[in-house]
Amino acid sequence: MTQQLTHGGLPDGIPPFRLKLLLQQARIALGLSSGALRYLEFAIDNCQASDFQQGRICAIWYSLERLGTVFRVSKRQVGRIEAELVDVGLIKRTYPERKSRSGDRVEGVIKRAAGINLAPLIEQAEYVRALASRQMRADEERKLLREHIQGLFRQIRDLENVDADEAATCILPRRRPTELSDFKKMQGVAEALEAVLADFSAVGGQPEMTVESDENVRLNTNEEKKKKIRIAEKPREEGRLNTSPAHARLLAGPLLGEYIDLYACGGPPDWKTVTRAAHDRAYELGISSRLWRERCTQIGEARTALCLIVADRNSQRDGPFGRKNAAASFAGMVRKEARQIAVLDGLVGELTHALLRSGGNP
């Protein structure tokens, strides 16, 4: 039996042509294929404006053969498109199974339609408008975030620091934010670049600092000997780190990340927070306190903590950068850093890039 579906009319401010635009903007949110969108646009165009008024029937009854000719696809493909639209609740078939489609229009008003009824679409027009509005806001946010990322690259380039440029390139090798579509990944890229900019801006703008107080150093009138002693006891400058506490937190594995958050007490982490959490994790991984103290003295607490973070995270990965033994990986990494064989910055860059590609799970 043919169903004569009427509808409540389009909401104010959504004439038929506007409904087409809203469908284009909400297509992704609705999960529609390009073929389904084209079908709806055709159906709307082939109804009269009066069909969208309250209490009317709004439908088309073209045959599958005719529609296939219009869209230049097979009848089977047209059937699949219609099934897709039925499944998402935007159209309804109102003709008896295995019967031909037909309809009657009298003085511009549809009296009977055995075909494809658009009442479900009309009833959901307000919902479609909301989805379109949400998508437009999301698109605008993505646009602004891409511009922000591009601006960060410019600011880093303006520092005229080769290390800063290399760190930025590790985060997004092609430096093209337009290639990013996932909003969370874009946020991750922006946060990582902000960390690089902050780190290297601080390095360029601060005078060199002495590391230790002289309270426990015996007075020595031999200036050359005093200079040698102080250089021997001075850890490597931590200002050379190409990351920040916030970036380190992003790199940390799930368990170590919880420790950092615990020590941060709900606030943003600092290096003291990160190093305390890393020391606790090192103990769990079987790294001796003696080795930890020695490396903190040789390469600095923050760099030692960052080595632990990378080693811990890589022990949870597969592939060429995966390591089974976090403790052994940490020991090798800090040994190379102590010998001034620069490996940490490259590993941090690789891990950052892997995390961004995989949404946080390399």
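Looking at the stretch 95-111, is at least one residue open to solvent by 90 Å² or more (accessible area, probe 1.4 Å), closer than 19 Å to T6 by Cβ, among the acidic types (D, E) and assigned to a loop (DSSP other than H, G, I, E, B)? Let's see the steps before the verdict.
First, the residues of the stretch 95-111 that are open to solvent by 90 Å² or more (accessible area, probe 1.4 Å): 97-100, 107, 111.
After this cut, where a residue has to be closer than 19 Å to T6 by Cβ as well, the list is 107, 111.
Among the residues that remain, those that are also among the acidic types (D, E) are: 107.
Filter once more, so that each one left must be assigned to a loop (DSSP other than H, G, I, E, B): 107.
Yes: one or more hits.
Report whether or not A138 is farther than 26 Å from G349 by Cβ, of a type in the set (A, V, I, L, M) and surrounded by 17 or more Cβ atoms within 10 Å (Cβ to Cβ). First the steps, then the outcome.
Working: farther than 26 Å from G349 by Cβ: yes; of a type in the set (A, V, I, L, M): yes; surrounded by 17 or more Cβ atoms within 10 Å (Cβ to Cβ): no.
Answer is no for this residue.
Here's the yes/no breakdown for (1) more than 14 Å from R249 (Cα to Cα); (2) surrounded by fewer than 22 Cβ atoms within 10 Å (Cβ to Cβ); (3) touching a Phe, Trp or Tyr at 6+ places or on another chain (Cβ under 8 Å):
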position	(1), (2), (3)
D261	no, yes, no
A277	no, no, yes
D280	yes, yes, yes
G300	yes, no, no
A305	no, no, yes
I309	no, no, no
A328	yes, yes, no
A331	yes, yes, no
D345	yes, yes, no
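Counting just the residues of the stretch 79-94 that are open to solvent by less than 50 Å² (accessible area, probe 1.4 Å) and touching a strand residue (DSSP E or B) at 6+ places or on another chain (Cβ under 6 Å), which one comes out modelled with the lowest pLDDT? First the steps, then the outcome.
Taking the stretch 79-94 first, the residues open to solvent by less than 50 Å² (accessible area, probe 1.4 Å) are 79, 81-85, 89-91, 94.
Still in the running and touching a strand residue (DSSP E or B) at 6+ places or on another chain (Cβ under 6 Å): 91, 94.
On the way: I91: 96, T94: 92.
Once the filter is applied, the top-ranked residue is T94.
In this structure, is I28 in contact (Cβ under 8 Å) with a residue 12 or more places away in the chain, outside any loop (DSSP other than H, G, I, E, B), loosely packed, with under 15 Cβ neighbours inside 10 Å and not aromatic (F, W, Y)? Show your work before the answer.
Working: in contact (Cβ under 8 Å) with a residue 12 or more places away in the chain: yes; outside any loop (DSSP other than H, G, I, E, B): yes; loosely packed, with under 15 Cβ neighbours inside 10 Å: yes; not aromatic (F, W, Y): yes.
When the stated conditions are applied, I28 passes them.
Would you please name the residue that is nearest to I309 (Cα to Cα), looking only at residues in the stretch 257-299 that are outside any helix (DSSP H, G or I) and within 33 Å of the chain's Cα centre (by Cα)? Break it down into steps so the answer makes sense when it comes.
Narrowing the stretch 257-299 to residues outside any helix (DSSP H, G or I): 265-270, 285-288.
Subset that is within 33 Å of the chain's Cα centre (by Cα): 265-270, 285.
Values: C265: 20, G266: 20, G267: 20, P268: 17, P269: 14, D270: 15, L285: 12 Å.
Once the filter is applied, the top-ranked residue is L285.
Starting from residues that are assigned to a helix (DSSP H, G or I) and among the β-branched types (V, I, T), keep the ones in the stretch 39-78 and report whichever is most open to solvent (accessible area, probe 1.4 Å).
Keep residues of the stretch 39-78 that are assigned to a helix (DSSP H, G or I), which gives 39-45, 49-52, 64-71, 75-78.
Then drop every residue that is not among the β-branched types (V, I, T), which leaves 44, 69-70, 78.
Working: I44: 6, T69: 102, V70: 49, V78: 1 Å².
Only one residue tops the list, namely T69.
Would you point out which residue out of E166, E194, E147, E224 is surrounded by fewer than 12 Cβ atoms within 10 Å (Cβ to Cβ) and at pLDDT below 85? Lay out the reasoning, then the answer.
On the way: E166 fails: surrounded by fewer than 12 Cβ atoms within 10 Å (Cβ to Cβ); E194 fails: surrounded by fewer than 12 Cβ atoms within 10 Å (Cβ to Cβ); E147 fails: at pLDDT below 85.
Matching residue, one of E166, E194, E147, E224: E224.
Filtering the stretch 282-298 down to residues that are aliphatic (A, V, I, L, M) and open to solvent by 10 Å² or more (accessible area, probe 1.4 Å), which residue is nearest to G253 (Cα to Cα)? Break it down into steps so the answer makes sense when it comes.
Applying the first criterion (aliphatic (A, V, I, L, M)) to the stretch 282-298 yields 282, 285, 287, 291.
Next cut, open to solvent by 10 Å² or more (accessible area, probe 1.4 Å) only: 285, 287, 291.
Working: L285: 13, I287: 17, L291: 22 Å.
Here the answer is L285.
The values are calculated or read from the model by the stated rules, or taken from the named source; none is laboratory data. Here the structure is a predicted model, which is why all the values come from computation and not from measurement. With ideal geometry, Cβ positions are generated from the backbone for all residues, glycine too; neighbour counts draw on all protein chains shown. When the accessible area is computed, the model is the full protein with side chains, heavy atoms only, and any ligands, DNA or RNA have been set aside. Shrake-Rupley method; radii C 1.70, N 1.55, O 1.52, S 1.80 Å.
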